[in-house]
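A.B. asks: Below you will find the structure I want to go over with you.
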């Protein structure tokens, strides 16, 4: 069979809806300045789908710093990979400041979050080692696990009894292979909004020998007293052996970092293929990240404003009877029951008639029969934005419950 023919006839669980979805539900185009209110299809919408937690994307100090860095360096400098010709004092300064902020000895800059954590996991383990991981880990971690040549054991999300059983299995196996155990979880899970049970995991270090890698993409800047993440929030930052986060959320930029003991970070610098064989992070992004980190450290009102909006939104939705699952973070999943067709119609209704733009999550990301309207509050939103959104959600919930959306042509078109 021609491999392209196979792909053309099986577009996958999301791709099969592309004819109806592309440009509207998938690959939509939001236009205008990054803000709570943007343009979609020429119409202003209240936007809850941007991971701009601290509102830095269009903060005047950030815009100024980015503009000045672009004028000073352009988009190319430095040329080459860090190891060969792309290292600078500012790259190292950013690494040192990040390490200090999250309470680790050293940090290493990465070009992207997705490829960065994949490459880090690939560098850390070999076929003798066992990985134990949470079942709801992000796709970037799952893709890294697919590359792993050794065994991997999964435990149901935050299930500590199952986690310990997997540790026992892993310990028995590594005693035979001579390998080690790497545990991987997330600080804040981006779909449910709840935190990984870092405290419970770290406590089991007293009984078992393993190292802990935490992907805290959604916790960095939002959780903990200083914003140092979920480990700080749970009082176990010291028990995290490798702390990872991306700049794509609270920092509103591109890039990532991994932090831990100096010797291990040194090892990663010389063994992470995604960095060895890739161009260095451009200086305008490095300078921009330094400014963003400065604001994270010195402007506590940014996180305070975020949580004012988070609490108003989540408490208001709960008061109206909405199910927000188990979230303990700014991520706000509104869980409803319905088909893919109903989800599409409901989403269109929100956008067209209530001017609310949020992400709609359906199967295969979540089980069939479930709809999640995923809201990302930011420090830039207002309490009036919250009130407007809750009122809109009440209206569409009533329509969904009454079966109104089942009758629409769009719902029938999607089918099941």
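A.B. asks: Answer yes or no as to whether residue 200 is over 12 Å from the mean Cα position of the chain (by Cα) and not in a loop (DSSP other than H, G, I, E, B).
C.D. replies: yes
A.B. asks: Suppose we filter segment 176-192 for residues that are in a loop (DSSP other than H, G, I, E, B) and modelled with pLDDT of 95 or more; how many remain?
C.D. replies: Adding up the residues that qualify gives 5.
A.B. asks: Quick one: residue 204 ticks every box in (1) more than 18 Å from residue 331 (Cα to Cα); (2) out of contact with any helix residue (DSSP H, G or I) (no Cβ under 8 Å at 6 or more places or on another chain) except a single one, so which number is it?
C.D. replies: (2)
A.B. asks: Looking at (1) in contact with a strand residue (DSSP E or B) (Cβ under 7 Å, 6 or more places away or on another chain); (2) over 27 Å from residue 159 (Cα atoms); (3) at pLDDT 95 or above, which is the only condition residue 382 fails?
C.D. replies: Just one mismatch for residue 382, condition (1).
A.B. asks: Continuing with the same structure: Just to be sure I understand, how many residues within segment 124-137 are farther than 13 Å from residue 213 by Cα and surrounded by fewer than 22 Cβ atoms within 10 Å (Cβ to Cβ)?
C.D. replies: 5
A.B. asks: Residue pairs, Cβ under 7 Å, 6 or more apart or interchain, first in segment 43-64 and free of Cβ contacts under 8 Å to residues at least 24 places away in the same chain, second assigned to a strand (DSSP E or B) and surrounded by 23 or more Cβ atoms within 10 Å (Cβ to Cβ). List them.
C.D. replies: Final answer for the pair search is none.
A.B. asks: Restricting attention to segment 254-276, which residues are outside any helix (DSSP H, G or I) and either crowded, with 20+ Cβ neighbours inside 10 Å or at pLDDT below 95 (or both)? Steps first, answer last, please.
C.D. replies: Just the residues of segment 254-276 that are outside any helix (DSSP H, G or I), to begin with: 254-261, 270-272.
Hits for segment 254-276 are 255, 256, 257, 258, 259, 260, 272.
A.B. asks: Could you give every pair whose Cβ atoms fall below 7 Å, whose first residue belongs to segment 14-33 and is within 16 Å of residue 361 (Cα to Cα), and whose second residue is assigned to a loop (DSSP other than H, G, I, E, B) and modelled with pLDDT of 80 or more, counting only separations of at least 6 or pairs across chains?
C.D. replies: Short answer, once both residue conditions are applied: 18/11.
A.B. asks: When you go through 61, 95 one by one, which is the residue that is over 30 Å from residue 390 (Cα atoms) and surrounded by fewer than 16 Cβ atoms within 10 Å (Cβ to Cβ)?
C.D. replies: Answer to the check: 61.
A.B. asks: If the requirement is being at pLDDT 95 or above, assigned to a helix (DSSP H, G or I) and more than 20 Å from residue 221 (Cβ to Cβ), which of these qualifies: 290, 284?
C.D. replies: Unique residue meeting the criteria: 284.
A.B. asks: May I ask you to list the residues in segment 24-51 that are outside any strand (DSSP E or B) and either surrounded by 11 or more Cβ atoms within 10 Å (Cβ to Cβ) or not assigned by TED's automatic domain parsing to the domain that holds residue 360 (or both)?
C.D. replies: 24, 25, 28, 32, 34, 35, 36, 41, 48, 49, 50, 51 - these are the residues of segment 24-51 that are outside any strand (DSSP E or B) and either surrounded by 11 or more Cβ atoms within 10 Å (Cβ to Cβ) or not assigned by TED's automatic domain parsing to the domain that holds residue 360 (or both).
A.B. asks: Can I ask one more? Check segment 79-91 and report whether any residue there is more than 22 Å from residue 374 (Cβ to Cβ), touching a strand residue (DSSP E or B) at 6+ places or on another chain (Cβ under 7 Å) and either exposed (fewer than 12 other Cβ atoms within 10 Å of the Cβ) or outside the structural domain of residue 365 (by TED's automatic domain parsing) (or both).
C.D. replies: yes
A.B. asks: Could you list all residues from segment 144-159 that are surrounded by 15 or more Cβ atoms within 10 Å (Cβ to Cβ) and assigned to a helix (DSSP H, G or I)?
C.D. replies: 144, 145
A.B. asks: If you don't mind, there's one more thing I want to ask. Go through 342, 315 for me and flag whichever is under 23 Å from residue 187 (Cα atoms) and part of a helix (DSSP H, G or I).
C.D. replies: Values: 342 fails: under 23 Å from residue 187 (Cα atoms).
That would be 315, the only listed residue that is under 23 Å from residue 187 (Cα atoms) and part of a helix (DSSP H, G or I).
A.B. asks: A follow-up question, please. Does segment 306-317 include one or more residues that are farther than 30 Å from residue 373 by Cβ, touching a residue at least 60 places away in the same chain (Cβ under 8 Å) and touching a helix residue (DSSP H, G or I) at 6+ places or on another chain (Cβ under 8 Å)?
C.D. replies: No, segment 306-317 has no match at all.
A.B. asks: Taking only segment 362-372 into account, find how many residues are within 23 Å of the chain's Cα centre (by Cα) and either at pLDDT below 85 or not in a strand (DSSP E or B) (or both).
C.D. replies: Count: 7.
The values are calculated or read from the model by the stated rules, or taken from the named source; none is laboratory data. All of these numbers come straight from a predicted model, not from anything done at the bench. As a convention, Cβ positions derive from the backbone with ideal geometry for all residues, glycine included, and neighbour counts pool all protein chains shown.
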